[in-house]
Every structure is written in C-alpha cells, then in structure tokens.
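Here, each number is a calculation from the coordinates, and none is a lab measurement. Note that the structure is predicted; figures quoted are calculated from it, not measured. Positions of Cβ are generated from backbone atoms using ideal geometry, with glycine treated the same way; all protein chains shown enter the neighbour counts.
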Amino acid sequence: NISQGWMEKFGKRHCIKMDRIYGEAGSTDIELLQIDKTAIKEKIESYSACNIYNFNEAALFYAISPRTTISHQKFSGWKENKKQLTVDFLCNANGTDK
C-alpha cells in the first residue's frame, strides 16, 4: 500500500506530476454565462410558487476516457466519446410537483 506522501516525493524526484487533460470544455467563455439574478426575480414575482418550475438535466458519460494521467509533459485534448445516459429533473418552487 503506497502512501500519498511517498507518491508526491516520488513524483518530485522523477519530474512526474498529475495533469488534467482538457477537452472541448476548456474553450467555454465564462464571461458569456453571467446571469442577471435581479432581472429574473423581477420577472417571476407576478407568478405563484406553484407555477414556477425549474428543469435540469444531467448526463452520465459511461464510455468516457479518464481525464487525468501521470506524465512528464502536458497533453492536448482529443475528441471524447459522447455515449451518455441523460436524466431530467423537474420541480416547481413550492415542491408540490416533482
């Protein structure tokens, strides 16, 4: 059984480190994703809580390659396998519909 400290020292001695491999998500512009929360609150004030819904979806990429590797140098991204299982979540603000 190898301890975390031993692994860190071994990596430093041999110039090996854990790197994250970035794919397509590294190109997202965070500035474009800013949301005006005040404007949203003003728009939904006229609705009752039972008529305000939130819908989200989550994906499980079951055939994707690992995102980390041990290396001496950085890796560039590659096209990832997109096989996925999608789950949708829907509920209203007061919790009567789930």
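Could I have the simple spin-label model distance between K79 and T38, label points 7 Å from Cα toward Cβ, reported in nm to one decimal?
Computed distance between label sites K79 and T38 equals 4.6 nm.
Please list, ordered by chain and number, the residues whose modelled amide H lies under 5 Å from the amide H of K17; skip anything fewer than 5 residues away on the same chain.
S71
Amide H to amide H under 5 Å from C91: which residues, 5+ apart in sequence or cross-chain, H placed 1.01 Å off N in plane?
N54
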